[in-house]
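See structure below.
Throughout, read-outs are computed from the coordinates displayed, never taken from laboratory work. Just so you know, these numbers come straight off a predicted model, no measurement behind them. Note that each Cβ is placed from the backbone with ideal geometry, even for glycine, and that neighbours are counted across all protein chains shown.
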Amino acid sequence: MSIGNFIRNAFTVVRYKNGSWEYGKSSANYLTKEYMEYFLNIYAVNACINIRADYLSKFKWGVKESQGINYDSQLLDVIKNPNIYQKSTVDFIKQYEIFRSVYGWTYQKTFGAKGFYPSALYNLNPSNIDFNTNSNNPFLIWKKKDINDIKDKTFTYDDNGIKKTYRFSEIMPFYDIANGVCEGENSFYTSPSKFQAIRSNLDNLGLAIDGENVILGSIGREAIFKEDGGKVTSAQYSGINGKKSISEKSRSDVDSKLNNTNMLRGRRMRSFTPDSAIKHLDMSLRPKDFGLDTVMSQQESIIARAFGVPNEIYQAWKNGSTFENQSVAEVKFIDTLQESVANDLAMTWTNSFGDTNTPFVATSDHIRSIQNEENKKADTAFKITQSLFNLTRTGMTETQAIDFLDGLGVNLND
């Protein structure tokens, strides 16, 4: 049984004809528990989500002021020290990204005196949230009364066994894919998890890993039999010409010396003295015969792409080594994926408890790979500028010099 099937069988859930679901009392939320089990138990998933969390936590948070970015503003206090359990932005951001990546959505909530700057900031665990609604109110609303009613809409949060009620207007929602894409009365408050698209791949990876375990468990398996199977008459022949077994005495001798773990670990001799000539057959399964490395690599690549992690970064994380184009992949990963997530956090914080005149910002210029790429750009710009200067000194006009460089493949518009 693959790990995906094992996880799904561990929880009870009933689906009714109208498409609604009822979860067993032992599982506060079947899907959220299943997805967290994937994260905790499957290496490829764990690595990809931790990569996302690690890179997002590298961003530096500041406040944009008229004279530049202030990284020491008092407005950053709750971000630098969110709560009593997380004394740094790094831990807080990693937890946020794990929740958002695993469940597809998460909420943040501030605590403190209303109307004042918050004294604490928490990520709410989606698995502890119960929307507890049975209404059929329309989603498309625009009237002021309906909007105010939505602001008063509440959900229940299980805080270590203590049920607390919060308004949706009190929380900051974050979605990994997009909210409102699924059916259901709470679809606008949640977003699908990426796990839904790769469950078959997770099962395939689990089966490949199980197969590898079987192969490794077969190492050292062997058969001992008489060298001469003896003649078989036509009357006895039934399609299988089997080898005769060795005597019981010889078999016991072989078993005690080849299958005794303590003797083998103690490096005692494997020699034995059979009473007849015997043959040996290695029955170990060979990994290359099954191509499991290729299967696992394919499934891991699909999982990595699903979470937006470049294969270069995943392989470096997995193998503990660096690749020639890893730095380029890191820059692209930060620019195209994680920067948008960081900007979403900054904008949401600004609108919720910040000051729109001095908004929160996230920067990544200090990250080594970003610095290296910026240095390369600066070096390239210097060389182009120097080339233009040298060409104009030969008598070319600036336009002729640019056309000359363009003919060499140097595009100044890039």
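In this label model, Ser88 and Asp72 are separated by 2.1 nm, measuring between points 7 Å along each Cα→Cβ vector.
The protection proxy used here, the mean number of other Cβ atoms lying within 10 Å of each residue, ranks peptides 337-350, 82-95 as follows, highest first: 337-350, 82-95. Charge tally for Asp355 (other residues, Cβ to Cβ under 13 Å; Lys, Arg +1; Asp, Glu -1): 0.
Using a cut-off of 32 Å between Cα atoms, the listed pairs Lys163/Lys332; Lys60/Lys143; Lys94/Lys144; Lys109/Lys318; Lys109/Lys144 include Lys163/Lys332; Lys60/Lys143; Lys94/Lys144; Lys109/Lys318 as exceeding that distance.
Excluding Gln400 itself, calculate the net charge of residues whose Cβ lies under 14 Å from the Cβ of Gln400, where each Lys or Arg counts +1 and each Asp or Glu counts -1. Numbers along the way, then the final one.
Details: positive: Arg393; negative: Glu398, Asp403, Asp406.
Net local charge, Gln400 excluded: -2.
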